[in-house]
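Notes to accompany the following structure.
The values are calculated or read from the model by the stated rules, or taken from the named source; none is laboratory data. This one's a predicted model, so the numbers in the text were calculated from it and none came from an experiment. Please note: Cβ atoms are built from the backbone with ideal geometry, for glycine as well, and neighbour counts cover all protein chains shown. Side chains included, ligands, DNA and RNA excluded: accessible areas come from the protein's heavy atoms. Shrake-Rupley method; radii C 1.70, N 1.55, O 1.52, S 1.80 Å.
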Number of protein chains: 2
Amino acid sequence: MANATGGPEIEQLIQLLSRLPGLGPRSGRRAVLHLIKKKEQLMIPLAAALDRAVAAVKVCDACGNIDTVSPCTICADPRRAETGLLIVVEDVADLWALERAGIGQVRYHVLGGVLSPLDGVGPDDLSIDKLLKRAPDYSEIVLAVNATVEGQTTAHYITDRLAGSGVTITRLAHGVPVGGELDYLDEGTLSQALKARTKF
Amino acid sequence: MANATGGPEIEQLIQLLSRLPGLGPRSGRRAVLHLIKKKEQLMIPLAAALDRAVAAVKVCDACGNIDTVSPCTICADPRRAETGLLIVVEDVADLWALERAGIGQVRYHVLGGVLSPLDGVGPDDLSIDKLLKRAPDYSEIVLAVNATVEGQTTAHYITDRLAGSGVTITRLAHGVPVGGELDYLDEGTLSQALKARTKF
């Protein structure tokens, strides 16, 4: 539907904001009205923050993390190398989630996706070659890919490629999420949790 | 939770985006990652669009609409005066919704909220005085406020203030929403829809 009001500047802002994940045309419009109402407190700071981020954001050459420096803060921190742990994740969002969980002094490697022949994503589209080059510097590689079919396929592929390198390859434990109710869990998770039961 | 990754520019962008309606800390972070991934197609255009909108956006002196000119495109259009209809709405979002509905050549008046003693919103906080000054130029004033207690209180207050001005005051019809199923409607709407039934 055409929008007769607002002028082209506002219309364009609505269209761009609508393309953010979690927003659509309706909520994009609501967001723009909110921005305009809070021009001094929100709209002007957001415009400035976006300009600064556009100029500052870099993808880390070593690990694929997003930061304002390359190599990123994590790769540049020598304490991070001490544990010898390299955590392989699909996406920067996963890296950030693990950092928020405070898992300690580890380094990461962002694959940039998972193998998915149906979507035309092959090994060359992911940063697997870079991972193979980094692997000898670490004592253990944790494949923290999602527990999906594509994620597990990717994990198997990486394990094959690393065979003979001598590095230990591990994966995240399956089990009951902390705070989760058994009633709502799928059978796969429950049977894995039972198999991997630990002493109380 | 502290976020060790991303640097202050990214962290600030996440915090500002999280304050948009419909987004929170988690979806704000997702939105920023999406922006960074689509830097050329989305992040840079959005930064430019925000800068342009900050510079261009104006609130119409006459009606309270948001536009890039004041008086706004609607107030400046002489054809809009011909019907003599002035539609009073709470918010610019309501004005835009009515415009999208294509209700024809009308003018609007944005109150900027509703009377709400509990929230400390009195008549002086809304653009009611401006409405009283505009009213004599129109033949009919439609109070298109929300069908909430505050909206109806505001409508009654405006009706009282306009008493004796000679202008016709109307309100939107209550009834079954187009496409709505009776089963899901509240009793109030159903009884109003029956009372206001029309010939088939």
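Our estimate of slack between residue B:39 and residue B:161, defined as 0.36 nm per intervening residue step minus the Cα-Cα distance, is 38.6 nm.
Note on the stretch A:58-108 and the stretch B:146-185: Cα centroid distance 57 Å, given to the nearest whole angstrom.
Farthest toward the positive end of the dipole of the stretch A:7-56, out of A:34, A:44, A:15, is the Cα of A:34, where the dipole comes from beta carbon charges about the Cα centre. Build a GNM of chain A with springs between Cα atoms under 10 Å apart, and of A:102, A:179, A:151 the one that fluctuates most is A:179. Exposure check, 1.4 Å probe, all protein chains in place: residue A:191 carries approximately 60 Å² of accessible surface. Just checking the listed ones, B:159, B:148, B:83: in the Gaussian network model of chain B with Cα springs under 10 Å, the one fluctuating most is B:148. Pairs of Cα atoms nearer than 8 Å and 6+ residues apart set the relative contact order; for chain A it is 12 percent.
Scalar couplings 3J(HN,Hα) for the stretch B:108-124, obtained by applying the Karplus form with A = 6.51, B = -1.76, C = 1.60 to θ = phi - 60°, are 10, 9, 8, 6, x, x, 9, 4, 8, x, 5, 8, x, 9, x, x, 6 Hz; x denotes Gly and Pro. Annotation: amide H-H contacts under 5 Å for residue B:171 (H modelled 1.01 Å from N, sequence separation of 5 or more, or interchain): B:143.
Sequentially through the stretch A:86-100, phi angles give Karplus couplings (6.51, -1.76, 1.60; θ = phi - 60°) of 10, 9, 8, 10, 6, 9, 4, 4, 5, 4, 4, 4, 5, 4, 5 Hz, Gly and Pro residues having no value and appearing as x. Where both bridge residues fall in the stretch B:78-171, DSSP classifies roughly 10% of the beta bridges as antiparallel. Rank B:120, B:102, B:170 by how far each Cα sits towards the positive end of the charge dipole of the stretch B:78-171 (+1 on Lys, Arg Cβ; -1 on Asp, Glu Cβ) and give me just the farthest. Positive-most Cα among the choices belongs to B:102. Only beta bridges with both residues in the protein assembly as shown are counted; by DSSP, about 20 percent of them are antiparallel. Put a plus charge on the Cβ of each Lys and Arg, a minus charge on the Cβ of each Asp and Glu, and nothing anywhere else: the dipole of the stretch B:78-171 about its Cα centre is then about 400 debye.
Counting only heavy atoms of the protein chains and using a 1.4 Å probe, residue B:92 has close to 10 Å² of accessible surface.
Accessible surface for residue A:194 stands near 110 Å², nearest 10, in the context of the full protein assembly shown (1.4 Å probe). Modelled this way, with points 7 Å down the Cα-to-C-beta line, the labels at residue A:100 and residue B:192 are 4.1 nm from one another. From helices alone, chain B scores -12000 deg cm²/dmol at 222 nm; the rule is -39500 (n - 2.57) for each run of n ≥ 4 DSSP H residues, then divide by the residue total. Our coupling estimate for the stretch B:149-154, obtained by passing each phi through the Karplus curve with A = 6.51, B = -1.76, C = 1.60 and θ = phi - 60°, is 4, 5, x, 5, 4, 4 Hz, Gly and Pro reported as x. In chain B, the longest principal axis of the Cα atoms and the axis of helix B:44-56 are about 40 degrees apart. Name the shape class, rounded, prolate or oblate, that the alpha-carbon gyration tensor gives for chain A, where a ≥ b ≥ c are the square roots of its eigenvalues, rounded holds for a/c under 1.5, and otherwise prolate holds if a/b is larger than b/c and oblate otherwise. Prolate. Projecting each Cα onto the charge dipole of chain B (Lys/Arg +1, Asp/Glu -1 at the beta carbon, about the Cα centre), which of B:78, B:136, B:147 comes out farthest on the positive side? Towards the positive end, the residue furthest out is B:78. Could you work out the relative contact order of the stretch A:29-76, using alpha carbon pairs under 8 angstrom and six or more residues apart, expressed as a whole percent? Rounded, it is 19 percent for the stretch A:29-76.
Database remark: amide H of residue B:87 closer than 5 angstrom to the amide H of B:107, B:108, B:109, B:142 (H placed geometrically; neighbours at sequence offset of 5 or more, or on other chains; Pro and chain starts carry no H). Residues of chain A were split at every exposed loop site, defined as GluC sites (Glu not before Pro) in a DSSP loop with at most 15 other C-beta atoms within 10 angstrom, and the longest piece left, sites excluded, is A:83-180.
Taking the Cα centre of the protein assembly as shown as origin and assigning +1 to Lys and Arg Cβ atoms and -1 to Asp and Glu Cβ atoms, the resulting dipole is close to 240 debye. For the stretch A:7-56, a crude dipole built from +1 on the beta carbon of Lys and Arg and -1 on the beta carbon of Asp and Glu, taken about the Cα centre, is about 240 debye to the nearest 20.
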